[in-house]
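The values are calculated or read from the model by the stated rules, or taken from the named source; none is laboratory data. Worth saying up front: this structure is predicted, and the values here are computed from it rather than measured. Glycine also receives a Cβ, built like all others from the backbone with ideal geometry; neighbour counts cover every protein chain displayed. Side chains are part of the model used for accessible areas, which takes the heavy atoms of the whole protein and leaves out ligands, DNA and RNA. Shrake-Rupley method; radii C 1.70, N 1.55, O 1.52, S 1.80 Å.
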Amino acid sequence: MRFNIAQLLKDHTGETRQYTLHEEIEGLDPDIVPLSALDGMIHLIRTTDGVFVTGKLHCSLELACARCLEPFALPLRFTLEEEFHSTLDILTGVFLPRTEEFEPATQIDEHHEIDLSEVIRQNILLALPLHAICRSQCAGLCPQCGKNWNDGACDCKRDAIDPRFEKLKALLDK
Ligand SMILES: [Zn+2]
Ligand SMILES: [Zn+2]
């Protein structure tokens, strides 16, 4: 997910570029299981010491349902908002001093390229729901036999009254 922004860096502050993003994101992160490519639009705005990147992106991911544990497809939309800072001056080629908030993921490298992979990885992980469920009506698993109640009821409820208690109940009823 690399973009060469040398031309934009030679432009005035406030100049913009727009790109269509279509990226396979397999291997981006062990916790991200993509079912589709990542798609969307990326806008770059020239700032005084770099570029501000915004984007509206979407993809489809496979998650395990927190209730029934079955895999399901989650459509995910998220926005990017990150400022990338120059490593060196585009006109003089001189390396710039590192600022206090130096962050490798948002550096413009010495070839005037930005790599969106890390900020996209972080934004996807932030956008993931903590307790994703496959559908709002998901019935979950039987805590006794583990049967997926979405596939129908199990026999556990019938056995919910322990036979030993039935004998006790019979004694108490006497
Ligand atoms: Zn479920
Ligand atoms: Zn059961």
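Quick grid of which residues meet (1) more than 16 Å from ligand 1 (Cβ to nearest atom); (2) open to solvent by 50 Å² or more (accessible area, probe 1.4 Å):
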position: S86; (1), (2): yes, no
position: G93; (1), (2): yes, no
position: E100; (1), (2): yes, yes
position: H111; (1), (2): yes, yes
position: I114; (1), (2): yes, no
position: I120; (1), (2): yes, no
position: I124; (1), (2): yes, no
position: P129; (1), (2): no, yes
position: I133; (1), (2): no, yes
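So the check is Cβ under 7 Å with 6+ separation or different chains; which pairs have a first residue in segment 126-147 that's free of Cβ contacts under 8 Å to residues at least 12 places away in the same chain and a second one that's open to solvent by 90 Å² or more (accessible area, probe 1.4 Å) and within 16 Å of ligand 2 (Cβ to nearest atom)?
none
Filter segment 30-44 down to the residues that are among the small types (G, A, S) and either open to solvent by 70 Å² or more (accessible area, probe 1.4 Å) or assigned to a strand (DSSP E or B) (or both) and list them by number.
G40
Could you run through segment 135-174 and say how many residues are surrounded by fewer than 11 Cβ atoms within 10 Å (Cβ to Cβ), at pLDDT 65 or above and more than 16 Å from ligand 2 (Cβ to nearest atom)?
Residues in segment 135-174 being surrounded by fewer than 11 Cβ atoms within 10 Å (Cβ to Cβ), at pLDDT 65 or above and more than 16 Å from ligand 2 (Cβ to nearest atom): 7 in total.
Which of (1) open to solvent by 20 Å² or more (accessible area, probe 1.4 Å); (2) closer than 26 Å to P97 by Cα; (3) part of a strand (DSSP E or B) does H12 not meet, given it meets every other one?
Among (1) open to solvent by 20 Å² or more (accessible area, probe 1.4 Å); (2) closer than 26 Å to P97 by Cα; (3) part of a strand (DSSP E or B), H12 violates only (3).
Okay, residues lined up against (1) out of contact with any Phe, Trp or Tyr (no Cβ under 9 Å at 6 or more places or on another chain); (2) in a strand (DSSP E or B):
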site	(1), (2)
L21	yes, yes
I25	yes, no
R46	no, yes
V53	no, yes
S60	yes, yes
L63	no, yes
L74	yes, yes
E83	no, yes
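Look at L69 and say whether it is assigned to a strand (DSSP E or B) and touching a residue at least 40 places away in the same chain (Cβ under 8 Å).
Criteria not met by L69.
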